[in-house]
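Read-outs: derived from the displayed coordinates by stated rules, not from any lab. Values in this document were obtained by computation on a predicted structure and should not be read as measured data. Cβ: placed from backbone, ideal geometry, glycine included. Neighbour counts: every protein chain shown.
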Amino acid sequence: MAGFRRIVIKVGSSLLVDRATGLRREWLAALCSDIAALHDQGADILVVSSGAIAMGRGVLGFRRPALELEEAQAAAAVGQIALARVWAEGLAAHRITAAQVLLTLGDTEERRRYLNARATIGTLLDHRAVPVINENDTVATNEIRYGDNDRLAARVGSMASADCVVLLSDIDGLYTAPPRDDPAAEFVPVVPRITARIEAMAGGAASELSRGGMTTKIEAAKIATAGGAALLIANGTRLHPLRAVAEGARCTWFLSPSTPVTARKRWIAGTLEPRGILHVDAGAGRAIRAGKSLLPAGVIRVDGAFARGDCVIVRGADGGELARGLVAYDAGDAVKIAGRASCDIAAILGYSGRKEIIHRDDLVLSGDGAGADGDMP
Ligand code: GLU
């Protein structure tokens, strides 16, 4: 795992919380030391932690295995406080700052909220904090919730341009059939591509405290690999589960055909209706062709009624299309900062935005990549 730059680690409820004895403190401390080791090597780490409902239900006296939605939401409200505290303390023991981020489906699926969540997570990672993420179970209702943290972790991975998503679970990976039902099931260490045959290997099973069975893990793997990240399913029940993987413990790798940046660029090149045009001067044109970001200073004219995050076309001095990219400002603000130095943006707009009008990670040179359909990585 040492080669990865940005890693999402998903922790299931049944790993963190024992039904009889509560929080598994020793286990969590060991995981935090594994996380600290990766963090010390320079990797950005995001934790997606379940366990809010599991930690809160007993406090409210909910003993039945299946809770009503309102009960689960109330349990999550109680448990999330405790969950955030144990992560903050566990990571603080390694001088790592934890940051709680609670997301709902809309935060990853609606453009504006997606960009906001992405920017905040990016800032936290730039400051070496570890976002500890969960679904905002207390406000999410059935129709608008993920309901499982496997897919949430994969989506967060694409949103944060992670190159690896680790699902720590109570099984060590994918088998050709659910091993509980079929003793002849064989272990599958590497999945180069998710085919119908791979999907058929998953059974529906999920344990009582958590929701995600193998089916949702494969769904998560589809999301992660489309976004350019490898996804790893590993047994988290042992102490030091990440160290164990590094030392060769059995696990299943789902490989991605691309990297987060290429996946994102392919999406930009292929699936968007451009909403506007930025006309740029010759200097900016050269900079873009050399792989640099587009700064407002190089923009001569702005056309169209686009919003921040929309795809726009970049045209050169001769009118030819140079590139397409996701613009960092609404059209009105873009007009105001066009031709101006980035250091003046705050004074002109009254807030400090990005210094690039299109960041190079969000910019695709025309003729540079084949189009593809799919979710925005
Ligand atoms: N968000 C839920 C919780 O924290 C768990 C969802 C899951 O287990 O995947 O309790």
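Spin-label pair T141-H359: with each label point 7 Å from Cα along the Cα-Cβ axis, the two points sit 3.4 nm from one another. A dipole drawn for the stretch 237-325 from +1 and -1 charges on Cβ atoms has a positive end, and of V280, F306, W253 the residue lying farthest that way is W253. Summing Cβ point charges (Lys, Arg +1; Asp, Glu -1) relative to the Cα centre of the stretch 191-329 gives a dipole of roughly 300 debye.
A crude spin-label estimate for the pair T97 and R197, with each label 7 Å from Cα along the Cβ direction, gives 5.0 nm. Rounded to the nearest 10 degrees, what's the angle between the helix 25-40 long axis and the longest principal axis of the chain, both from Cα atoms, 0 to 90? The helix 25-40 is inclined about 30 degrees to the chain. The overall shape of the stretch 212-256, judged from the alpha-carbon gyration tensor, is oblate: a/c is not under 1.5, and a/b is no greater than b/c. With 0.36 nm allotted per residue and the present C-alpha distance subtracted, the R5-N116 stretch has 37.8 nm of extension available.
Starting from the Cα-Cα distance between L69 and H127, subtract it from 0.36 nm times their residue separation and give me the gain in nm to one decimal.
Working: separation 58, 0.36 × 58 = 20.88 nm, distance 3.65 nm.
Gain on extension, L69 to H127, equals 17.2 nm.
Taking 56 Å as R0, compute the FRET efficiency from the Cβ-Cβ separation of V335 and A177 and round it to 0.05. Once the sixth-power term is evaluated, E becomes 0.40.
For every helix of n ≥ 4 consecutive DSSP H residues, a contribution of -39,500 (n - 2.57) applies; sum these over the chain, divide by its total residues, and give [θ] at 222 nm rounded to the nearest 500 deg cm²/dmol. One gets -10500 deg cm²/dmol as the mean residue ellipticity at 222 nm. Under the simplified labelling scheme, the T237-A290 pair shows an inter-label distance of 5.8 nm, with each label point 7 Å from Cα along Cα→Cβ.
If you count, for each residue, the other Cβ atoms within 10 Å and average over each peptide, how do 67-75, 275-283 line up from highest to lowest? Don't jump to the answer; show the numbers that get you there.
Details: 67-75: 16.4, 275-283: 18.3.
Sorting 67-75, 275-283 by mean packing, highest first, produces 275-283, 67-75.
The angle separating the long axis of helix 69-92 from the principal Cα axis of greatest extent in the chain is about 80 degrees.
If you take the beta carbon distance between I300 and A347 as r and set R0 to 25 Å, what does 1/(1 + (r/R0)^6) give as a FRET efficiency, to the nearest 0.05?
Numbers: r = 21 Å, r/R0 = 0.84.
Rounded to the nearest 0.05, the efficiency is 0.75.
For the stretch 71-223, the calculated P(r) over all alpha carbon pairs, in 5 Å bins from 0 to the bin holding the longest distance, is 2, 8, 15, 18, 19, 15, 12, 8, 3, 0 percent. Annotation: lysines with alpha-carbon distance below 23 angstrom to K217 (same-chain offsets under eight excluded): K10.
Can you give the FRET efficiency to the nearest 0.05 for S33 and A282, using r as the Cβ-Cβ distance and R₀ = 45 Å? Please list the in-between numbers first.
Details: r = 54 Å, r/R0 = 1.20.
After rounding, the FRET efficiency stands at 0.25.
The string of couplings for the stretch 53-67 from the Karplus curve (6.51, -1.76, 1.60, θ = phi - 60°) is 5, 4, 7, x, 5, x, 4, 8, x, 8, 9, 5, x, 9, 8 Hz, one whole number per residue in order, with x for Gly and Pro.
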